[in-house]
Amino acid sequence: MDKIIVEGGRRLRGTIEVNGAKNAALPIQCAALLTDTPTTLRHVPLLSDVRTMNKLLAGLGCEVSGERVLTIDPRGVASGTLEAPYELVKTMRASVTVMGPLLARYGRARISLPGGCAIGARPIDQHLRGLEALGAEITLAHGYVELKAKRLRGATFVFDLVTVGGTQNVMMAAALAKGTSRLENVAREPEVEELARILNKMGARVHGAGTSVIEIEGVDNLSGVDHAILPDRIEAGTFMVAAAISQGDVTLRHAPVDDLHAVIAKMEEAGVRFEVTPDGLRVLGPERLGPVDVTTRPHPGFPTDMQAQMMVLATMAHGQSLITETIFENRFMHVPELCRMGADISVHGNSAAIRGPTRYSGTTVMATDLRASASLIIAGLVAEGRTEVRRVYHLDRGYETIETRLQALGGQVERYHGARG
Ligand code: UD1
């Protein structure tokens, strides 16, 4: 297993490009299953999650070629097994997003139940109830969910809670259903809007994405498209925090500023300065950071995927901050590792009280999930001495060669291949 070593104490300076968004790419890869012709995606981030999805699509019979420019040809699918196997779903929960497209296009799907994962139980009941509302017959057996439907029918469905993947799954299924669907209490994330855009390019009729009600007039068939993936707001946000706490001066080219309002607002509250320049978003880290109170919420609220990184910023602030996690029940696994590096954080239920500023000191830490790993690397950037981050395969799910990107900004960050985890 690889490890990453960070030598702290460098101010980050310079300009980097923001990569395509993982969470936009994954559902759009699945959307290719809805069509009869190849889809080409551009600005695809080179991430292990994207590769896992490609493997799943290839297993279903798609011909998948390319990386940064990725082509998915679904014409070989009909004769396949139409299954998302346990081996893939257990490594990446987003694998369940093939369910809606397979059911809508081929009338059946067999998906391994995801089970628990590091950041909570994460059930898929809302995906299933939504598809059932569209007419799917669902059976659960041997750890798999089997779905069948001759032709899905448009329906009204109200989600009990806001789910990004659930919204995407049901939206894709409804795109090929007979009649009109109305989905209420849907996720408003930019990646949902992006999926709606691509579905409409494919020939679908999706209205209202970005609001809490989406209406979809079903169509009989969809065609493959050529589409460039939108920039990753979480990758951008991660580099924003790294720049801010290192008193850096970093410009993020193509940063999706409009998708980052909640993060920018909280960072401004802490004293970070931002300038929107023709080159992108410039982030200027202050000499002294102030405390912030943050509660994660569905978009347009503060994203849970930025919670761990924001916690590192809070540890560097003068005073007491409070961070409350409302989306996932077990998403503070970075806390003990940050504390081992010197942070003063106490967790009570779903809130973490943070007293700063911390003088981090480098040590060996263990990455536990994707965003937790990013927080450890960021803390390493401001730590005294050397921080060794192990189990970086979590990081590679969502950040493309983070070490070379931070090196480009002057950070001393190296990857060592094959080290024992
Ligand atoms: C997506 C993102 C992930 C992000 C999350 C929340 C992708 C590939 N991943 O994950 O990075 O952290 O949104 O912004 O886009 N829930 C249920 N029943 C369901 C579905 C969800 O109870 O049927 C719960 C989950 O357990 C969780 C909450 O709803 O507590 C939000 O989950 P959801 O929005 O579905 O997250 P994902 O789509 O898996």
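Here are a few things to note about the model shown:
- For region 86-99, the condition of being more than 15 Å from the ligand (Cβ to nearest atom), in contact with a Lys or Arg (Cβ under 7 Å, 6 or more places away or on another chain) and touching a residue at least 12 places away in the same chain (Cβ under 8 Å) holds for none of the residues.
- Any hit, region 36-45, residues being assigned to a loop (DSSP other than H, G, I, E, B), farther than 25 Å from residue 193 by Cα and at pLDDT below 95: no
- Which numbered condition residue 313 misses (of (1) more than 16 Å from the ligand (Cβ to nearest atom); (2) in a strand (DSSP E or B); (3) not hydroxyl-bearing (Ser, Thr, Tyr)): (2)
- Residue 231 fulfils the conditions (1) under 30 Å from residue 9 (Cβ atoms); (2) within 16 Å of the ligand (Cβ to nearest atom); (3) in contact with a helix residue (DSSP H, G or I) (Cβ under 8 Å, 6 or more places away or on another chain) except for a single criterion, (3).
- Restricting 387, 368 to those that are polar (S, T, N, Q) and farther than 27 Å from residue 290 by Cα reduces the list to 368.
- Pairs where the first residue, in region 152-168, is aromatic (Phe, Trp, Tyr) and the second is within 6 Å of the ligand (Cβ to nearest atom), C-beta under 7 Å, 6+ apart: 159/126; 159/166
- Selection within region 44-67 - out of contact with any Pro (no Cβ under 7 Å at 6 or more places or on another chain), in contact (Cβ under 8 Å) with a residue 12 or more places away in the chain and hydrophobic (A, V, I, L, M, F, W, C): 44, 46, 47, 50, 53, 56, 57, 60
- Residue-level check: of (1) within 16 Å of the ligand (Cβ to nearest atom); (2) touching a strand residue (DSSP E or B) at 6+ places or on another chain (Cβ under 6 Å), residue 205 misses just (1).
- Every residue from region 205-243 that is small (Gly, Ala, Ser) and surrounded by fewer than 24 Cβ atoms within 10 Å (Cβ to Cβ): 208, 210, 212, 218, 223, 224, 228
- Counting the residues of region 259-276 that are part of a helix (DSSP H, G or I) and either closer than 19 Å to residue 318 by Cβ or free of Cβ contacts under 8 Å to residues at least 40 places away in the same chain (or both) gives 8.
- Residue within region 185-208 that is farther than 17 Å from residue 34 by Cβ, in a strand (DSSP E or B) and among the charged types (D, E, K, R) present: no
- Within the option set 166, 203, being under 23 Å from the mean Cα position of the chain (by Cα), under 28 Å from residue 81 (Cβ atoms) and among the small types (Gly, Ala, Ser) holds for one residue only, 166.
- Subset tally (residues that are of a type in the set (Ser, Thr, Tyr) and surrounded by 19 or more Cβ atoms within 10 Å (Cβ to Cβ)) for region 341-367: 2
- Residues of region 38-48 that are within 24 Å of residue 112 (Cα to Cα) and either surrounded by fewer than 22 Cβ atoms within 10 Å (Cβ to Cβ) or of a type in the set (Gly, Ala, Ser) (or both): 48 alone.
- Checking 47, 113, 128 one by one, the residue that is within 17 Å of the chain's Cα centre (by Cα) and within 12 Å of the ligand (Cβ to nearest atom) is 47 and no other.
- Within region 74-94, being of a type in the set (Lys, Arg) and either more than 18 Å from residue 26 (Cα to Cα) or not in a helix (DSSP H, G or I) (or both) holds for 75, 90.
- Residues of region 316-333 that turn out to be in contact (Cβ under 8 Å) with a residue 60 or more places away in the chain, of a type outside the set (Asp, Glu), within 11 Å of the ligand (Cβ to nearest atom) and over 16 Å from residue 398 (Cβ atoms), as a count: 1
- Elements of type helices (runs of 4 or more DSSP H) in region 369-421, at least 2 residues being out of contact with any helix residue (DSSP H, G or I) (no Cβ under 7 Å at 6 or more places or on another chain) and away from the ligand (no atom under 16 Å from the Cβ): 402-408
- Residue in region 178-188 that is farther than 16 Å from residue 158 by Cα and either over 21 Å from the mean Cα position of the chain (by Cα) or without any contact (Cβ under 8 Å) to a residue 40 or more places away in the chain (or both) present: yes
- So residue 58, is it at pLDDT 95 or above, more than 16 Å from the ligand (Cβ to nearest atom) and in contact with a helix residue (DSSP H, G or I) (Cβ under 6 Å, 6 or more places away or on another chain): no
- Under the condition of being among the aliphatic types (A, V, I, L, M) and either more than 14 Å from the ligand (Cβ to nearest atom) or modelled with pLDDT under 95 (or both), the residues counted in region 148-172 number 3.
The values are calculated or read from the model by the stated rules, or taken from the named source; none is laboratory data. The model shown is predicted, which means the values in this text are computed figures rather than measured ones. Positions of Cβ are backbone-derived with ideal geometry, glycine not excepted, and every protein chain shown enters the neighbour counts.
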